[in-house]
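Here's the structure we're looking at; comments come further down.
The values are calculated or read from the model by the stated rules, or taken from the named source; none is laboratory data. This structure is a prediction, so every number in the text was calculated from the model and none was measured. FYI the Cβ positions are ideal-geometry reconstructions off the backbone, even for glycines, and counts take in every protein chain you see.
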């Protein structure tokens, strides 16, 4: 339960083995390659050169993007298994060789072209359908028109006009036409924004009429169809049906492309792996005949990597050197957290805060017991805990949930136990008080608050002791005392002081407590002065350190949130139960059941969310701040995608 011990690995081989070595490294997914050109001295690089083909890398990346686009496009068309089926189905496992063999025989170019042609065809159909829809809208407006406009264009004595005006001006136009008295008009259609009119007038009135309608923004109809609007509308609707049928047939055909879709998924894995190896080329250096590769790896995986490389290149074809990590490299070394199955799900809490540096400790196993206790105390309901236990256990057993989601389910499953335990401790079951309880969330609020503060003090004291131990191992003896042991003893002194003077009335206990406080306060000043080259500055820093007592008061008060959230969630659940209890018996056992389920579900969600957030805050601010600095980074090895399949010996299951 610590940070994995790392090694610095260096590989030297001929160019002919470069691709085989990189494949072996990628297959193991355990070596983070270092950009040697950035870390080696200029004199050592004189016989080497960085070597990467940007054209090849660009082609591979472009192909990967095309595949990703095709997959995303087909996702809306190809039949996909349902959520439950996906959760139950285990991913296929491939070796790198099997994956490459499958993809290389799949004609990826042909698959992409097939998808592209279908997309192009569907887009054309969509454009045609869009045009027909616009035409339909036009024809529906004019379907009352019973003649072709060009049929009346050659009348000798009369002019027949068809056109539209804005609706706001239609009344004014009609009024003007009535006043004129020589123009026949008839309304063809009326819409929210415009009105269409049929106008018949003597040719002798045309000039005067043009002057009249100019002020109303009259727009004459331009009709380019061969048939009357009613007949054209029928033809339009028939055309739309044909386009929709053709589109439906295409989509129906694409729904059966399950095999093609799977081949593209595997191609995405394949070309991602290639692109990652091509990026790795930029991190190694070449001489005319040899190449040099270096990186970080866990000590326990060195032999496995060597064996894997030798199996692909042959023995003695690659020189593999492993070196211990130097102290000056600690800030650069990536970190791998190594914990047992119980602690591992809690690594997500540490990772969200910060990875430890290589020379620090992994805070996960140190924090986990407190996280469980604090979460359980804030949730504190036997019913809620049983529900969380049942749901997470069912999900873990019934479904094949892997990766980060699987870890999160295990995390919640583990937290169900302290939730149930504190539910019994406080005697709460879905807000109903049980006959057996240690503390009542209704009547023992002050006792629970004191209990919360005691738990907080235990964690603070533990953090200070850890600070002293860790800094002592790092050789920082003065800081080990000033920032760790001294404050631990001072807090113990304050506790004895308060207990002797206010709780137990034991003067000797009070004097021992005062003595511990004073002795270690002086000790902080003295050790700070001795360890500093500037004695006055050292005393000043020691005095400033003592001023931090106000921060400890705030830290202790922060732990009262354990009581506050436990009492709040329990009282909300009780209030919901009380509300349902006021309903008449018939309503209580009908609609009341649905209401209480909804209300309790809301309270469960708020309770677990609040418990998670505030428990995390107590670890990050009050606990980690006492001994943990962070600032490390995780190992980022040359790896494979594993988005659609697992690679052999890398199954996360």
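Some notes on this structure:
- Of the listed requirements (1) touching a residue at least 40 places away in the same chain (Cβ under 8 Å); (2) at positive phi; (3) in contact with a strand residue (DSSP E or B) (Cβ under 9 Å, 6 or more places away or on another chain), residue 383 misses just one: (2).
- Yes/no for residue 309 being part of a helix (DSSP H, G or I), in the same structural domain as residue 94 (by TED's automatic domain parsing) and farther than 29 Å from residue 5 by Cα: no
- Scanning segment 217-239 for residues that are closer than 24 Å to residue 177 by Cβ and assigned to a loop (DSSP other than H, G, I, E, B) yields a count of 5.
- When the test is whether a residue is touching a residue at least 60 places away in the same chain (Cβ under 8 Å), in contact with a helix residue (DSSP H, G or I) (Cβ under 6 Å, 6 or more places away or on another chain), assigned to a loop (DSSP other than H, G, I, E, B) and surrounded by 19 or more Cβ atoms within 10 Å (Cβ to Cβ), residue 563 does not pass it.
- Which numbered condition residue 151 fails, given (1) at pLDDT 90 or above; (2) farther than 17 Å from residue 215 by Cα; (3) part of a helix (DSSP H, G or I): (1)
Per-residue answers, yes or no, for (1) surrounded by 18 or more Cβ atoms within 10 Å (Cβ to Cβ); (2) within 25 Å of the chain's Cα centre (by Cα):
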| site | (1), (2) |
| --- | --- |
| 573 | yes, no |
| 576 | yes, no |
| 581 | no, no |
| 584 | no, no |
| 589 | no, no |
| 593 | no, no |
| 600 | yes, no |
| 605 | no, yes |
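- Within segment 359-398, being more than 23 Å from residue 428 (Cβ to Cβ) and part of a helix (DSSP H, G or I) holds for 364, 365, 366, 367, 368, 394, 395, 396, 397, 398.
- Tally of residues being touching a helix residue (DSSP H, G or I) at 6+ places or on another chain (Cβ under 8 Å) and buried (at least 17 other Cβ atoms within 10 Å of the Cβ) across segment 321-343: 3
- Here segment 347-393 is the region considered, the condition is being under 24 Å from the mean Cα position of the chain (by Cα) and under 24 Å from residue 84 (Cβ atoms), and the residue that is surrounded by the most Cβ atoms within 10 Å (Cβ to Cβ) is 388.
- Criterion violated by residue 417 - all others in (1) surrounded by 15 or more Cβ atoms within 10 Å (Cβ to Cβ); (2) in contact with a helix residue (DSSP H, G or I) (Cβ under 8 Å, 6 or more places away or on another chain) satisfied: (1)
- Residue within segment 183-198 that is modelled with pLDDT under 85, in contact with a strand residue (DSSP E or B) (Cβ under 9 Å, 6 or more places away or on another chain), buried (at least 17 other Cβ atoms within 10 Å of the Cβ) and closer than 22 Å to residue 142 by Cα present: no
- Selection within segment 199-216 - surrounded by 17 or more Cβ atoms within 10 Å (Cβ to Cβ) and part of a helix (DSSP H, G or I): 209, 212, 213
- Residue within segment 488-509 that is within 41 Å of the chain's Cα centre (by Cα), crowded, with 20+ Cβ neighbours inside 10 Å and under 30 Å from residue 358 (Cα atoms) present: yes
Residue-wise test of (1) more than 27 Å from residue 599 (Cβ to Cβ); (2) modelled with pLDDT of 95 or more; (3) outside the structural domain of residue 548 (by TED's automatic domain parsing); (4) touching a strand residue (DSSP E or B) at 6+ places or on another chain (Cβ under 9 Å).
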{"position": "373", "(1), (2), (3), (4)": "yes, yes, no, no"}
{"position": "387", "(1), (2), (3), (4)": "no, yes, no, no"}
{"position": "398", "(1), (2), (3), (4)": "yes, no, no, no"}
{"position": "404", "(1), (2), (3), (4)": "yes, no, no, no"}
{"position": "412", "(1), (2), (3), (4)": "no, yes, no, no"}
{"position": "415", "(1), (2), (3), (4)": "no, yes, no, no"}
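- Residue within segment 253-271 that is modelled with pLDDT under 90 and not in a helix (DSSP H, G or I) present: no
- The one condition in (1) at pLDDT below 95; (2) within 30 Å of residue 434 (Cα to Cα) that residue 328 fails to fulfil: (2)
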